[in-house]
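Enquirer: Pasting in a structure now, in structure tokens, and then I'll have a few things to ask.
The values are calculated or read from the model by the stated rules, or taken from the named source; none is laboratory data. The structure displayed is predicted, hence computed values, not measured ones. Neighbour counts run over all protein chains shown; Cβ positions are idealised from the backbone, glycine included. What goes into the accessible areas is simple: the full protein's heavy atoms, side chains included, and nothing from ligands, DNA or RNA. Shrake-Rupley method; radii C 1.70, N 1.55, O 1.52, S 1.80 Å.
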Amino acid sequence: DVNFSSKKLVQRHVNAFFLGCFLRNEIGITQKEKLHLNLEWFYLSLPNIDSIYERFINWIKSSPSELVKDVSIITRGTSLSAHSFSALCDRAFRILDQLANRWLNEYQYITNQLTGTDPEGPYAYKLNNDLYRLKSEYLLRELASRGFLPGYGFPTDVVNLSVYSLTDYLQEKNSTAATTNQTREDNVSLNRGMPSRNLSVAIREFAPGTEIVLDGRVHRSSGISLNWQKVHLEGAKDAQKFDVAWKCEKCGQTGYERDLNKQENLHCSNVACNHPINLKHQRKVIEPTGFVVDFYHKPTNNIANTHYVPVQQPWVIGQGDRIPLPNPELGYMVADPQGDVFHHSSGINGTGYAICLGCGKAESMTINNEFPKELEPGKPHRPPIPNKFHRQDAHMPECDSNAKIMESIHLGYNSSTDVFELVLRNPHIHEPITDSTIATTLAVALRRSLVNRLGISVGEVGYNTRPVLLNDKSPAQVLQLFDTISGGAGFASVASDYIQDLMRDLFSVLDCHEQCEQYCHGCLLENDSKHDIDKLNRQKALDWLSANIKGYLDLPQQYLNIFAQASDVTYVPQALKVKLQQLIRNNPKRITLLFAGDLEEWDLSTGQYKALFHSILKDGIEIQLFVPDEDLDSEIMDFLCVLHNIGVVILQGKAPNYAAYQAKY
């Protein structure tokens, strides 16, 4: 019954339905093609025969009318319920067309590079491996990882770590037995036969300088995959894209700009701050398309001295109206289905990377923000992957793009997803949480409460905290939850609907059954929260909750008095339209509304109410509207007359004695 807000997630279900119907009707009935379900079968065409994907796109563009009813069932009650069938078809076509162009460009690039390349050389070895894996990748896994099909917890925006090495090339060259890599079709940790991760995870696990253990061998990540065209060449079609991430030194607000030209005139987006963003608090960001190990470095099996790049906490920003908690004295919350999450890696010293835009080699800048020795400008360096000029096994090529080495570049990935923010304060002295330990602990516990209530895995929702400057200029720590899937699945933003229950659950989460001192796997310790163990203290957070929250989780008494005869009173944070849509799903006979409070604050927009109530009345549901027994001005009377004329029953009296209410007209 949860109305998940992500349009992308609903669209992926519609796309899956389209693909299933097409494969069943177009392929299954004719039986002319064998269902290999790999990318070569799907994207490549035969002489005088359109490819499968071209036929699929043409079928979608025709908007098959026989599917209209079925698609309406899929979208009913979702954020796409108001979208036309043709709009859903057009959206599916555009997404798939982008994926097809990306794959075909990659395929064309590899085949062009193979032309004129020594077929026995290491560069041809790398290209042939890339081509084999590109063509044989499982179709449904690829479409799910690229966001066309629903992933159900599987990673999206997947990138690979290329682990080809000169050692493998020489072994295969001297071996008479052909070897192929066969992997399970549903193994999402391998993509095209290579280790794969969601980009937000890969940025820290595959970051240049990190050592990765795979099949008993230790590989060192040495660079990033750039666009297929070499970006340092004049006239290249796809220039490498740089963005700017910033953090306000005054209030702690973060932001992400997709235009590097804005770097000079940035101001904080917090209206209570609006402080100019100094260049030293800005980060030039590159989004990698993959990662590579050093082809010429021999893998080892020494795991005693592996190196790791420090994990950077993501920057999370949710925007929207501040919704008061059931008791406004406790603070407020924000639910944003289109929030921003910026994942990044800043190298071993936190000063970014030096990156060669010719070959993709990357090394961490020094702690003094100087170039590393391996990538000093003016000095030749060895590229991490072979090129077509490498024709002899013993020859080590050099990169000729020394003038294109960029300094202080941060690896980053910004995604739009569902974000929930919560600001808690002491109801007695009205001071918000400023202790980062309490804030981080409560954020982890809130995440556990939410996933338990929704019945999903912990990995579906991330957590974070950030400092903020409130409207009264007082500092505070914001508790944040966000969907880890790119585009969002509606998990985090729905937390506002359960906020009373979630806050009650905090006590049971922090009251660990293992009775640990600060944290353990039974309460706070998870795969991601282990990076914040210095900020986890369940007892400290529990003491703050017990002193400030207990007794304030219910609605204030003034509201409870109004509904004294109601058996079940709950706080509803949603807009009236959203809540009524949820009620209608249960097919009630009557919906009763009470208009109360300051008459001067009433919203008398008759247009929105007429459209909303008329659709309910059309379904045979009676609407009763209770108004207070007071002198109503002419504007309110006209408003009530309009509602009465469309069939709303208007009653007037004194709450909470509903039996004493009398018909207004």
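Enquirer: How far apart, in nm, are two points set 7 Å out from the Cα along the Cα-to-Cβ line at Thr366 and at Asp603?
Expert: Here the answer is 6.0 nm between the modelled labels.
Enquirer: Under the classification rounded if a/c is under 1.5, otherwise prolate if a/b is larger than b/c and oblate if not, where does the stretch 403-457 fall, given a ≥ b ≥ c as square roots of the Cα gyration tensor eigenvalues?
Expert: Oblate.
Enquirer: Separate question: Setting aside same-chain residues fewer than 8 positions from Lys550, which aspartates and glutamates have a Cα under 18 Å from its Cα?
Expert: Candidates past the 8-residue exclusion: Glu329, Glu431, Asp501, Asp505, Asp511.
Enquirer: In sequence order, what are the phi-derived ³J(HN,Hα) couplings for the stretch 494-499 according to the Karplus relation 6.51 cos²θ - 1.76 cosθ + 1.60 with θ = phi - 60°, rounded to whole Hz, with x for glycine and proline?
Expert: Values, residue by residue: 7, 4, 5, 6, 10, 4 Hz.
Enquirer: Here is a follow-up. Can you give the FRET efficiency for Glu249 and Leu44, using 1/(1 + (r/R0)^6), R0 = 56 Å, r = Cβ-Cβ distance, to the nearest 0.05?
Expert: The computed FRET efficiency comes out at 0.60.
Enquirer: Right, next: Gly290's amide H: which non-local residues (gap 5+, or another chain) put their own amide H closer than 5 Å, with H modeled 1.01 Å from N in plane and none for Pro or chain starts?
Expert: Placed amide hydrogens put Ser225 under 5 Å from Gly290.
Enquirer: If you don't mind, there's one more thing I want to ask. Could you work out how much longer the chain between Ser436 and Asn58 gets when fully extended? Use 0.36 nm per residue separation minus the Cα distance between them, nm to one decimal. Each step should come with its number before you reach the end.
Expert: Values: separation 378, 0.36 × 378 = 136.08 nm, distance 5.47 nm.
Extra length from Ser436 to Asn58 when fully extended: 130.6 nm.
Enquirer: Next question. Given a 1.4 angstrom probe, I'd like the percentage of the accessible area of the stretch 64-160 that is carbon and sulfur, rounded to a whole number.
Expert: 51 percent
Enquirer: In the stretch 103-143, which GluC sites (Glu not before Pro) are in a loop and have at most 16 other Cβ atoms within 10 Å, using DSSP for the loop call?
Expert: Counting only loop positions with at most 16 other Cβ atoms within 10 Å, the GluC sites (Glu not before Pro) in the stretch 103-143 are Glu120.
Enquirer: Still on this model: Could you give each residue of the stretch 616-631 its phi-based ³J(HN,Hα) in whole Hz, using Karplus coefficients 6.51, -1.76, 1.60 with θ = phi - 60°, and x for Gly or Pro?
Expert: 3J(HN,Hα) across the stretch 616-631, in whole Hz: 6, 4, 5, 7, x, 9, 6, 10, 10, 10, 8, 10, x, 7, 9, 6.
Enquirer: Any chance you could run the full-extension gain for Lys379 through Asp543? It's 0.36 nm times the residue separation minus the Cα-Cα distance, nm to one decimal. Please report the intermediate quantities before stating the final value.
Expert: Numbers: separation 164, 0.36 × 164 = 59.04 nm, distance 5.87 nm.
Difference between extended and current length: 53.2 nm.
Enquirer: Here's another thing I want to ask about it. Could you report the stretch 579-640's accessible area per residue, 1.4 Å probe, as an integer in Å²?
Expert: With all protein chains present, the stretch 579-640 gives 61 Å² per residue.
Enquirer: Excluding residues on the same chain fewer than 8 positions from Lys404, give the aspartates and glutamates whose Cα lies under 13 Å from its Cα.
Expert: Glu234, Glu376
Enquirer: Where the Cα atoms of the stretch 404-562 are projected onto their three principal axes, how long is each span, largest first, in whole Å?
Expert: For the stretch 404-562, the Cα spread along each principal axis is 69, 41, 29 Å.
Enquirer: Carbon-plus-sulfur fraction of the accessible area of the stretch 427-531, 1.4 Å probe, in percent?
Expert: Summing carbon and sulfur atoms, their accessible area is 45 percent of the total for the stretch 427-531.
Enquirer: Here is a follow-up. Considering only the other residues whose Cβ falls under 9 Å of the Cβ of Pro384, what net charge follows from Lys and Arg at +1 and Asp and Glu at -1?
Expert: Net charge around Pro384: +1.
Enquirer: Now a separate question. Among the aspartates and glutamates, which have Cα under 19 Å from the Cα of Lys298 when same-chain residues fewer than 8 positions away are ignored?
Expert: Those aspartates and glutamates meeting the cut-off are Asp168, Glu172, Glu211, Asp215, Glu363, Glu374, Asp393, Glu398.
Enquirer: Separate question: Whose amide H sits under 5 Å from the amide H of Val478, counting only residues 5 or more places off or on another chain, with H placed in the peptide plane?
Expert: Under 5 Å from the amide H of Val478: Arg466, Val468.
Enquirer: If you keep only loop residues by DSSP, which chymotrypsin sites (Phe, Trp or Tyr not before Pro) in the stretch 284-383 have at most 13 other Cβ atoms within 10 Å of their Cβ?
Expert: Working: sites: Phe291, Phe295, Tyr296, Tyr308, Trp315, Tyr332, Phe342, Tyr353; in loops: Phe295, Tyr296, Tyr308.
Answer by residue number: Tyr308.
Enquirer: Using modelled amide H (1.01 Å from N, peptide plane; none on Pro or chain starts), what sits under 5 Å from the amide H of Ser408, excluding residues fewer than 5 places away?
Expert: For Ser408, whose amide H was placed from the backbone, the distant partners under 5 Å are Tyr353, Ala354.
Enquirer: Let me know the shape class of the stretch 431-515, please: from the alpha-carbon gyration tensor, a ≥ b ≥ c as square roots of the eigenvalues, rounded when a/c is under 1.5, otherwise prolate if a/b is greater than b/c, or oblate.
Expert: Because a/c hits 1.5 or more and a/b fails to exceed b/c, the stretch 431-515 counts as oblate.
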